[in-house]
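Trainee: Provided herewith is a single structure, encoded as structure tokens, for subsequent inquiry.
The values are calculated or read from the model by the stated rules, or taken from the named source; none is laboratory data. The structure displayed is predicted, hence computed values, not measured ones. In this analysis, Cβ positions are derived from the backbone assuming ideal geometry, glycine residues included, and neighbour counts consider all displayed protein chains.
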Ligand code: CA
């Protein structure tokens, strides 16, 4: 599975600092965007699939803490907040504004990188959808999210619209266990008022189409007492 480079947004009004961070992170394989203020930051967050944000506390138009609170209203993008004073860290933690980590200036690039790695690892265990992926491929199963086509060992598989919606949603949320009612909402919409177990027959049909052994599924894994998760990662 090929992973696309992660996009990091650096929100920092001091160009000297942001340029050092930019060139360092680019050397580590990240795609780096720099915003000098809150307005630019939100423009980039709306436009790009940002994977993580390094956020300075003191900015010309908004405070880093207000930016973080605003981000958290709509998104769980990991945020590392940077402050100039050690005692601010305790104050910020106490406010519970939703940052994932804090650093005090001056910091070493090595320290920054270590914290980014930790935060990204933690968030990949999380329920963030992989918006930036156009397809899933593992050598056996191939799902194209743009054209809604599915191939099993190179051969095209026909899924119904509901079956496709269920499978695609599960693939886009690695490690997420879907409750039956969630899958029903995804597949059939909110207006459906049938029995939760209706989803089981969809799962059974998808398994017949994509699993090598339906009794021992690789992809649509039953989580007893809860629902289902995608097991192809
Ligand atoms: Ca600043």
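Trainee: Please specify each residue of the stretch 17-38 satisfying the condition of being away from the ligand (no atom under 16 Å from the Cβ) and over 26 Å from residue 70 (Cβ atoms).
Mentor: Across the stretch 17-38, the qualifying residues are 23, 24, 26, 27, 28, 29.
Trainee: Is one or more of the residues making up the stretch 39-54 within 16 Å of the ligand (Cβ to nearest atom), part of a strand (DSSP E or B) and at negative phi?
Mentor: Taking every residue of the stretch 39-54 in turn, at least one turns out to be within 16 Å of the ligand (Cβ to nearest atom), part of a strand (DSSP E or B) and at negative phi.
Trainee: Now for a different question. Please state which of the following conditions residue 185 fails to meet, knowing it meets all the rest: (1) in contact (Cβ under 8 Å) with a residue 12 or more places away in the chain; (2) assigned to a helix (DSSP H, G or I).
Mentor: Residue 185 satisfies every listed condition except (1).
Trainee: If I ask for residues that are modelled with pLDDT of 85 or more, touching a helix residue (DSSP H, G or I) at 6+ places or on another chain (Cβ under 8 Å) and farther than 18 Å from residue 233 by Cα, which ones from the stretch 161-203 would you list?
Mentor: Result: 162, 163, 165, 180, 183, 199, 200, 202, 203.
Trainee: Output the residue which, of all residues in the stretch 62-75 that are within 16 Å of residue 10 (Cβ to Cβ) and free of Cβ contacts under 8 Å to residues at least 40 places away in the same chain, is nearest to the ligand (Cβ to nearest atom).
Mentor: Going through the qualifying residues, I end up with 62.
Trainee: Then there is this: So which of 59, 95 is surrounded by 20 or more Cβ atoms within 10 Å (Cβ to Cβ) and over 22 Å from residue 113 (Cα atoms)?
Mentor: After ruling out the rest, the residue left standing is 59.
Trainee: Can I ask one more? Consider residue 21 carefully, then state whether it is assigned to a helix (DSSP H, G or I), outside the structural domain of residue 140 (by TED's automatic domain parsing), touching a residue at least 40 places away in the same chain (Cβ under 8 Å) and under 23 Å from the mean Cα position of the chain (by Cα).
Mentor: yes
Trainee: With the condition kept exactly as written, say whether any residue in the stretch 111-131 is within 16 Å of the ligand (Cβ to nearest atom) and modelled with pLDDT of 85 or more.
Mentor: yes
Here is a yes/no grid of residues against (1) in contact with a helix residue (DSSP H, G or I) (Cβ under 8 Å, 6 or more places away or on another chain); (2) touching a residue at least 24 places away in the same chain (Cβ under 8 Å):
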{"position": "50", "(1), (2)": "yes, yes"}
{"position": "60", "(1), (2)": "no, yes"}
{"position": "77", "(1), (2)": "yes, yes"}
{"position": "80", "(1), (2)": "yes, yes"}
{"position": "83", "(1), (2)": "yes, yes"}
{"position": "86", "(1), (2)": "no, no"}
{"position": "89", "(1), (2)": "no, no"}
{"position": "97", "(1), (2)": "yes, yes"}
